[in-house]
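Read the structure below first, then the notes.
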Amino acid sequence: MRADYDSKADALTIELRQVDRFDHDEQVDDDYCNVGIADGTVAAVELLYPAEHLDLLGVAAKHFGLDGSALVATARAALSAPDRLVEVNVAERVVA
């Protein structure tokens, strides 16, 4: 996943996969969280005022079948490095 926190806009975009454009957006709530859909699947999650609304990532995860923990971890990484592109690889732990 790639994420970018724009500190001036106070907006976060988490890109699950790269696409040229979204076919449409779906709102998670009325104001702060949207999900970009391309080719029938989630391509990105966008969040306004992310520090105040990280809980909406869990709502989006449940609604769209995403990994909520990975979304929150990625969001926190981006918030920690504002105005820079952050890449996060979240893999399941393999128990030997």
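Where a number appears in this text, it was derived from the coordinates with a stated rule and is not lab data. Not measured: the values here are computed from a predicted model. All Cβ positions, even for glycine, are placed from backbone atoms using ideal geometry, and neighbour counts span all protein chains on display.
Some values worked out for this structure:
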| item | result |
| --- | --- |
| Residue pairs meeting the criteria (Cβ under 6 Å; at least 6 apart or on separate chains; first surrounded by 13 or more Cβ atoms within 10 Å (Cβ to Cβ), in the range 1-26; second among the acidic types (Asp, Glu)) | Arg2/Glu15; Arg2/Glu87; Thr13/Asp4; Thr13/Glu46 |
| Conditions (1) under 23 Å from Ser7 (Cα atoms); (2) assigned to a helix (DSSP H, G or I): number failed by Ala44 | (2) |
| Residue selected from the range 27-41 under the condition assigned to a strand (DSSP E or B) and in contact with a strand residue (DSSP E or B) (Cβ under 7 Å, 6 or more places away or on another chain), by the criterion surrounded by the most Cβ atoms within 10 Å (Cβ to Cβ) | Cys33 |
| Residues of the range 72-93 that turn out to be on the phi > 0 side of the Ramachandran plot and free of Cβ contacts under 8 Å to residues at least 12 places away in the same chain, as a count | 0 |
| One residue from Ala61, Ala75, Ala51, Ala70 being in a helix (DSSP H, G or I), under 11 Å from Ala11 (Cα atoms), under 11 Å from the mean Cα position of the chain (by Cα) and not hydroxyl-bearing (Ser, Thr, Tyr) | Ala75 |
